[in-house]
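*Asks:* So that we are looking at the same thing, I have put the structure below in structure tokens.
Just so it is clear, none of the values below were taken in a lab; they were calculated from the coordinates. Because the structure is predicted, anything quoted here is derived from the model rather than measured. With ideal geometry, Cβ positions are generated from the backbone for all residues, glycine too; neighbour counts draw on all protein chains shown.
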Amino acid sequence: MTMMMDRLRSADRRPAPVAADGARGPLLTVDGLAKHYGARIGCTGVGFDLWPGEVLGIVGESGSGKTTLLKAIAGLVAPDAGSIRYDAGAGPVEVRALSEPERRRLMRTDWAFVHQNPRDGLRMGVSAGANVGERLMARGQRHYGRIRGAALDWLARVEIAGARLDDRPSAFSGGMQQRLQIARNLVSEPRLVFMDEPTGGLDVSVQARLLDLIRALVRELGLSAIVVTHDLAVVRLLADRLMVMKDGRVVEAGLTDQVLDDPAHAYTQLLVSSILQV
Amino acid sequence: MSGHENASGAAGAEAYNFAYLDEQTKRMIRRAILKAVAIPGYQVPFASREMPMPYGWGTGGVQVTAACLTAEDRLKVIDQGADDTTNAVSIRKFFERTAGVKTTEETEQATIIQTRHRIPEAPLAEGQIMVFQVPIPEPLRFLEPRETETRKMHALEEYGLMHVKLYEDISVHGHIATTYAYPVLVEGRYVMDPSPIPKFDNPKLDDSPALMLFGAGREQRIYALPPHTRVQSLDFEDHPFDRGHWDEDCALCGDAGSYLDEVITDDAGGRIFVCSDTAHCRARRQAGHAGAASAPYEEAGA
Ligand SMILES: Nc1ncnc2c1ncn2[C@@H]1O[C@H](COP(=O)(O)OP(=O)(O)O)[C@@H](O)[C@H]1O
Ligand SMILES: [Mg+2]
């Protein structure tokens, strides 16, 4: 385990992008993170670095603690232990030590969370435009025409026809709802995006299109992202690096292609072989 | 008959405290009011009491009025701008009976005005208290039903949702279609629901010399605007707040600047517009003002 984490920390770290003002460290550093549900382990002892512009995939079977880990990092559930340091450019800040207003502000501006079920991440009672505009209004934008313009622009970027701007998400297909949720999150130009099974529950053809879209947006916007999935094809396409989870712990971590093509841990081998059989 | 009534009247007077509520309850409500005055626009929880009337009748407002009343007060009660509706009459009678205070229909004469849906047209003055009966005090309820969450949003000034609601209004109707309970920002800090008054009355909240108290009985909340508080109606830069207007003048008193109700005059589709503030309209007619339909209307009534 320790060896594995060392591997993640040093050998497999790709060169850190260097900012104009010189070297900069990881965007996010997680250490010893744990969340229990009573006596049951949600996740425990998780640590990793996420570098600016990097996409980290988290894979593992159902119940392995992926969602718990993602929510604990993003502050949607309170961790029991560990540290989460975030560096928005002015040096690392311990997110768990932030006041609640600061944490909430971070979460609705610099960070974004795309839920597995779009209904958890959308306001179903208001139009697509209002859903996309919410973060702008939360930031204090007070010009209806400009908010609407930004919403229209973002619908186009996630390939939703502008004519649907005033429709409620309940009238959208599952794939459209998921794309709307992504637009609603990215409109505030976050630096760090958390995605929990973003393509889960969608038809295969819809999944492929959404995956292409996410990949294009991540590249185009230079996003850093942590993507949880049980689908190895998703991480193969999206993730620079990979963490494999089992029973709430990270059992293997490394560059995506390395881990998938040459898995070291028996559990990863099983995971990879089962997907190859499909 | 009269002897019997006297006896029961005397018994009733002993059974009730001045203005119905016991002193401890009044103290508790006054404390909530003081706190509300100290934090303009903030909803202060209070232990609402059972009142001898249903919730829909404004028990929150009645409790606030009861806690404020003194023997020297002159009380005015209106509902939809009128002093003679069932709700207004019964609340006025309740305080005549339990507090023995003088009542009035003239805004200028009143020291306390309890209202459900309007702010009188006559300008309010220093020393006057407006008491609003509030059904739903939480302006964020529309989009966020969780009380724990709305409280947090107030605490952290997370009011983006209010504009989501207004955005939605414009995208559906082409303009901000909210006409009642139009949300306001108080002293640049708390977003507040001004109770179901029409948005036409919102500008009267801003910098008013009177003290404004809001009581929600079922929801157990009291909030306040102390005199001369800054109250802004929420809007967008390119869709500014508009209180609305009528193309008509009041058919009875000719007022071109008051809030009008539409009144159907016959079954052939005839209709006129008249002041919703009946005391205001009467005072204008007494002073010699007349509207298009005033002469025949008054003759018929006389
Ligand atoms: N709210 C919860 N209450 C109790 N146990 C939970 C809760 N959420 C998740 N768990 C448990 O924590 C473990 C990890 O779950 P989860 O993080 O949802 O895994 P994954 O996303 O990988 O499927 C599982 O054993 C699950 O049953
Ligand atoms: Mg999950």
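*Asks:* Normalising by the residue count of chain B, find the relative contact order in percent from Cα pairs under 8 Å and 6+ residues apart.
*Replies:* After rounding, I find 19 percent.
*Asks:* Something else about it: Starting from the amide H of residue A:57, placed 1.01 Å from N in the peptide plane, find each other amide H under 5 Å away whose residue is 5 or more places distant or on another chain.
*Replies:* Those lying under 5 Å, H to H, from residue A:57 are A:227, A:240, A:241, A:242, A:243.
*Asks:* Roughly how many whole Å is it from the C-alpha centroid of region B:160-196 to that of region A:122-200?
*Replies:* With region B:160-196 and region A:122-200 each reduced to a Cα centre, they are spaced 21 Å.
*Asks:* Let me ask you something else. Evaluate the distance, in nm, between pseudo-label points positioned 7 Å from the Cα of residue A:219 and of residue A:124 along their respective Cα→Cβ axes.
*Replies:* Computed distance between label sites residue A:219 and residue A:124 equals 3.5 nm.
*Asks:* When only C-alpha pairs under 8 Å and at least 6 residues apart count, what is the relative contact order of region B:245-292, in percent?
*Replies:* Once divided by the residue count of region B:245-292, the mean separation gives 44 percent.
*Asks:* Provide the FRET efficiency to the nearest 0.05 for the residue A:77-residue B:125 pair, computing r from the beta carbons and using R0 = 56 Å.
*Replies:* The calculated FRET efficiency here is 0.55.
*Asks:* Sticking with this structure for a sec: Let me know the whole percent of all Cα-Cα pairs from region B:245-292 that are separated by more than 13 Å.
*Replies:* On the way: 567 of 1128 pairs.
Counting every Cα pair in region B:245-292, those more than 13 Å apart make up 50 percent.
*Asks:* To the nearest 500 deg cm²/dmol, what mean residue ellipticity at 222 nm is calculated for chain B from DSSP H runs of n ≥ 4 alone, each contributing -39,500 (n - 2.57), summed and divided by the residues? Don't skip to the answer; put the middle values down first.
*Replies:* Values: 9 runs with 98 residues, N = 302.
The helix contribution divided over chain B gives -10000 deg cm²/dmol.
*Asks:* Quote to one decimal, in nm, the extra length available between residue A:204 and residue A:159 on full extension: 0.36 nm per residue of separation minus the C-alpha distance between them.
*Replies:* 14.4 nm
*Asks:* Let me ask you something else. How far is helix A:174-186 tilted, in degrees, relative to the longest principal axis of the Cα atoms in chain A, given as a value from 0 to 90 rounded to the nearest 10?
*Replies:* 90 degrees
*Asks:* Of B:26/B:76; A:66/B:165; B:76/B:165; B:26/B:165, which pairs sit farther than 30 Å apart, going by alpha carbon to alpha carbon?
*Replies:* Too far apart for the 30 Å limit: A:66/B:165; B:76/B:165; B:26/B:165.
*Asks:* Let me ask something else. In peptide B:168-179, how many Cβ atoms from other protein chains are near each Cβ within 10 Å, on average?
*Replies:* Neighbouring Cβ atoms belonging to other protein chains average 3 per residue here.
*Asks:* Count charges around residue B:279 for me, please; just the other residues with Cβ under 12 Å from its Cβ, Lys/Arg as +1, Asp/Glu as -1.
*Replies:* Surrounding charge for residue B:279 is -2.
*Asks:* Still on this model: If you take every residue apart from residue A:133 with its C-beta less than 10 Å away from the C-beta of residue A:133, what net charge results, scoring Lys and Arg +1 and Asp and Glu -1?
*Replies:* Residues near residue A:133 contribute +2 overall.
*Asks:* Related question: Report relative contact order for chain A in percent, whole number only (criteria: Cα-Cα under 8 Å, sequence separation at least 6).
*Replies:* Value for chain A: 25 percent.
*Asks:* Which of the helices in chain B meet the span-like rule: DSSP H, Cα axial reach of 15 Å or more, Kyte-Doolittle mean at least -0.5?
*Replies:* Result, helices passing both filters: B:23-38, B:86-99, B:160-173.
*Asks:* Express in nm, to one decimal, how much length is gained between residue B:84 and residue B:97 on full extension, taking 0.36 nm for each residue of separation and deducting their alpha carbon distance.
*Replies:* Values: separation 13, 0.36 × 13 = 4.68 nm, distance 1.72 nm.
That works out to 3.0 nm of additional length.
*Asks:* Here is a further query. Can you give the average number of partner chain beta-carbon atoms within 10 Å of each beta-carbon in peptide B:157-167, as a whole number?
*Replies:* Details: counts 1, 5, 3, 10, 6, 1, 11, 12, 4, 4, 12.
If you average over the peptide's residues, the count of other-chain Cβ atoms is 6.
*Asks:* With each run of n ≥ 4 DSSP H residues scored as -39500 (n - 2.57), what mean residue ellipticity at 222 nm is computed for chain A after dividing by its residue count and rounding to the nearest 500 deg cm²/dmol?
*Replies:* -11500 deg cm²/dmol
*Asks:* While we're looking at this one, here's another question. Tell me, B:59, B:104 in order of fewest to most beta-carbon neighbours within 10 Å?
*Replies:* Sorted ascending by nearby Cβ count, the order is B:104, B:59.
*Asks:* A further question on this structure: Just to confirm the number: angle between the C-alpha axis of helix A:204-221 and the first principal axis of chain A, 0 to 90 degrees, nearest 10?
*Replies:* That works out to roughly 90 degrees.
*Asks:* Between residue A:45 and residues 5 or more places away or on another chain, which pairs have amide H atoms under 5 Å apart, with H built 1.01 Å from N, and which residues are they?
*Replies:* Amide H to amide H, under 5 Å and 5 or more residues apart or across chains, residue A:45 pairs with A:33, A:34.
*Asks:* Give the long-range amide H neighbours of residue B:83: residues separated by 5 or more places, or on another chain, with amide H under 5 Å away, using H modelled in the peptide plane at 1.01 Å from N.
*Replies:* B:278, B:279
*Asks:* Taking every eigenvalue of the Cα gyration tensor of region B:225-266, multiplying by 5 and rooting it, what semi-axes result, largest first, whole Å?
*Replies:* Equivalent-ellipsoid dimensions as semi-axes: 29, 16, 9 Å.
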